[in-house]
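The values are calculated or read from the model by the stated rules, or taken from the named source; none is laboratory data. None of these values were measured; they are calculated from a predicted model. Every residue, glycine as well, gets a Cβ built from its backbone with ideal geometry; the counts of neighbours run over all protein chains shown. In case anyone asks, the SASA skips ligands and DNA or RNA and just uses the protein heavy atoms, side chains included. Shrake-Rupley method; radii C 1.70, N 1.55, O 1.52, S 1.80 Å.
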Amino acid sequence: MSRLLDVDHLTLQFDTDEGRITAVDDVSFTLETGEIMGLVGESGSGKSVTAKSIMKLNPSNAVYGDETSIKLHIDKTIDIMPLHGSRALKVIRGGAISMIFQEPMASFAPAISIGNQMVEQLQIHTDMNKKQATELSIEMLARVGISDAATRFKQFVFELSGGMRQRAMIAMALSTKPKLLIADEPTTALDVTIQAQVIDLMKDLVAEFGMGIVFITHDLGVVAQTCDKVAVMYLGRLIEQGSVRDVIRNPQHPYTKGLLAALPRLDDLDAPLVPVPGDIPSPLERPTGCVFHTRCSVAIAGRCSADIPQFVNVSDTHSAACHLVEGRVS
Amino acid sequence: MNNTPLIETKDLSVHYPLRGKLFGPQPVVRAVEKVSVKIAAGSFFGLVGESGSGKTTFGRALLRAAPITYGTIRYDDGEVSYDLEKVDKNDLREYRKRAQLIFQDPYAALSPRMTVRDIIAEPLQVMGLTKSREETDARVREIAEKCRLNLEHLRRFPHAFSGGQRQRISIARALVSAPKFIVADESVAALDVSIQADVLNLLKAIQQDMGLTFLFISHDLSVVAHTCDHVAVMYLGRLVETAPTRALFAQPKHPYTRALLSAIPSLDPDDRGNAQRLEGEIPSPTNPPPGCKFQTRCPNAVDHCRQVEPVLEQAGDNHEVSCHRWKELLDLGGTPA
């Protein structure tokens, strides 16, 4: 494995009518080639915005922090933050990095056939001619398990079922052979039986193409089944990260513990569902100190509301940012 | 919990006409086809299925909000009883006080122009249940407290609230007319897990406190497993299996229920890939396959399944299953995944 992506001190704010809102606060993580990283959090945690920052897809009122650095290591290292304008960003957008969205119906143009959209992006990002691009697109559609791919190629998005749309989306995202795939809740809108199929497909494709994936989801079960490592976000901050086994079996941060306790589990029907108390604070009223202290049942009075906790290593593959976690300071 | 059914349906069917041909029989979508269930008074009855299974339409039919093509619905709460497929206007108005719906999306269900107090009070005024403003206010406060809403917040507008709080407002509005029967359609699907647990606990507490009967419609089997006493599984408009929750999850007997259970992503990272995968997708209800509706995706389908549609059979205490081969599959060691 080799390093594919370095995200360092990513801070992102939005200028709005109500003032400057912090969406992501000092987030750092790395991804290796062939690795799937789950980015987990509830609504408003900043997970989607974090992923979009990697392609600089955030709206124009986004303000990145001065220390923010995002580096993609492909044949050479691409420093993404200084890139401006769609021409400069074309190298990464749809080329080195592809993205799959939650709602494929909204991601395909409704009045252009699936095939034409796939061919168009191939012609933009590769030097294929139309015939080659058509052949590759049909091959990719067949590869993701769409039967009768040549017919589907000519169809429009509304003619496909939900599961098939998501497969077509994946085929399109992978046809340019990206080094990094960003998947934003790719299975959330699907039924469980279809979700299981799509997850299997994505795992097969990683094994085959050897790319890295940032997998955004709110579902810890999906993470356990798909990812190698996981990063948990709350209100724009990373609060725990590590290998999937470490984080799910031995959660350290009170928020991660709370998420797991709130989840209805099939292996123990008698276990009570324990909600995390309170609601996520509005981004306009970000708590001081540890962002989670307003809902934390074990917060230390005076300390958690004042000091921002730093990441400490629980093991070589697991770290958490909480004042109560004992470990080696990293 | 006593076992007299609050609601009993027999062969309940909801068909919607498709854009008609000029001649010949009018094509229809069989959204719900011959569903017979008994919902015991005081129970938390779960209804699960994927999109297109007809679960929402079934819930709406019980509220008389979907056209009933044939079949019967008997409602009996001890005080009044109705044959819902043929009630007259006056009885229907009375029934609406006793049966309420909680919607899925707490952002779409609340009018942005009304205060929380007015939203919760509206059913009381529409149904004429209270005589004075004081009485209305007292009732609103009582129900808001039950739903753990801050009374200070009654004067605010819904936009000021988070998803969990909004869902509690929706619940308060559904409960304010003191109903006996609640249809909760995907009521926690739009909420984050940490909030979802809170709303589920609230629903359970209220159900026990007020002696309500719930029809809890959900696509999420793990949520249903934790909240419901009894579960019915629908597929393409048909009831495929119904059983007490424990029995269903301990030993699902229909191949579809088994597949549905094994498709839930396990939280155990080492429990990967041994799940039984269903191929294909749910067929279109406008063009259902012949025979058993599940035969196109069923790993156990044989010729008989492709020709003859199975009917519900008794498969245990209060456990019914609609599959030609359930016994055989059980003997073959069709163990739950």
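Here is a yes/no grid of residues against (1) under 15 Å from the mean Cα position of the chain (by Cα); (2) without any contact (Cβ under 8 Å) to a residue 40 or more places away in the chain; (3) within 20 Å of residue A:99 (Cβ to Cβ):
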residue	(1), (2), (3)
A:173	yes, no, yes
A:178	no, no, yes
A:193	no, yes, no
A:197	no, no, no
A:211	yes, no, yes
A:223	yes, no, yes
A:227	yes, no, yes
A:237	yes, no, no
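Tallying residues that are facing chain B (nearest Cβ under 9 Å), free of Cβ contacts under 8 Å to residues at least 12 places away in the same chain and open to solvent by 50 Å² or more (accessible area, probe 1.4 Å) within region A:271-291 yields 1.
Close Cβ contacts (under 8 Å, 6 or more residues apart or on different chains) running from residues in region B:293-317 that are open to solvent by 80 Å² or more (accessible area, probe 1.4 Å) to residues that are of a type in the set (Ser, Thr, Tyr) comprise B:311/B:322.
Within region A:239-258, the residues that satisfy the criterion of being over 19 Å from the mean Cα position of the chain (by Cα) and among the charged types (D, E, K, R) are A:246, A:249, A:257. Taking the criterion of being more than 12 Å from chain A (Cβ to nearest Cβ), under 21 Å from the mean Cα position of the chain (by Cα) and touching a residue at least 60 places away in the same chain (Cβ under 8 Å), the residues of region B:145-172 that qualify are B:169, B:170, B:171.
Just one of the listed residues (A:63, A:91) is more than 18 Å from residue A:233 (Cβ to Cβ), part of a strand (DSSP E or B) and open to solvent by 40 Å² or more (accessible area, probe 1.4 Å), namely A:63.
Would you be able to tell me the number of residues in region A:187-207 that are open to solvent by less than 20 Å² (accessible area, probe 1.4 Å) and among the small types (Gly, Ala, Ser)?
Within region A:187-207, the subset open to solvent by less than 20 Å² (accessible area, probe 1.4 Å) is A:187, A:193-196, A:198-199, A:201-202, A:205-206.
Next, from what is left, pick out any that are among the small types (Gly, Ala, Ser): A:196.
Of the residues in that region, 1 qualify.
Within region A:239-270, the set of residues being facing another protein chain (nearest Cβ under 10 Å) and in contact (Cβ under 8 Å) with a residue 12 or more places away in the chain comprises A:243, A:244, A:246, A:247, A:248, A:255, A:258, A:259, A:260, A:261, A:262, A:263. Go through region B:132-146 and give me each residue that's surrounded by 18 or more Cβ atoms within 10 Å (Cβ to Cβ) and small (Gly, Ala, Ser). Residue satisfying the conditions is B:144 alone. Applying the criterion of being within 14 Å of another protein chain (Cβ to nearest Cβ) and assigned to a helix (DSSP H, G or I) to the residues of region A:120-166, the residue that is most open to solvent (accessible area, probe 1.4 Å) is A:158. I need a count of the residues in region A:25-61 that are among the small types (Gly, Ala, Ser) and within 21 Å of residue A:96 (Cβ to Cβ). Here the count works out to 5. With the condition kept exactly as written, say whether any residue in region B:40-53 is under 30 Å from residue B:158 (Cα atoms), outside the structural domain of residue B:311 (by TED's automatic domain parsing) and surrounded by fewer than 19 Cβ atoms within 10 Å (Cβ to Cβ). Yes, because at least one residue in region B:40-53 is under 30 Å from residue B:158 (Cα atoms), outside the structural domain of residue B:311 (by TED's automatic domain parsing) and surrounded by fewer than 19 Cβ atoms within 10 Å (Cβ to Cβ).
Kindly indicate whether any position in region B:22-30 is of a type in the set (A, V, I, L, M, F, W, C) and either within 14 Å of chain A (Cβ to nearest Cβ) or in contact with a His (Cβ under 7 Å, 6 or more places away or on another chain) (or both). Scanning region B:22-30, I find at least one residue that is of a type in the set (A, V, I, L, M, F, W, C) and either within 14 Å of chain A (Cβ to nearest Cβ) or in contact with a His (Cβ under 7 Å, 6 or more places away or on another chain) (or both), so the answer is yes.
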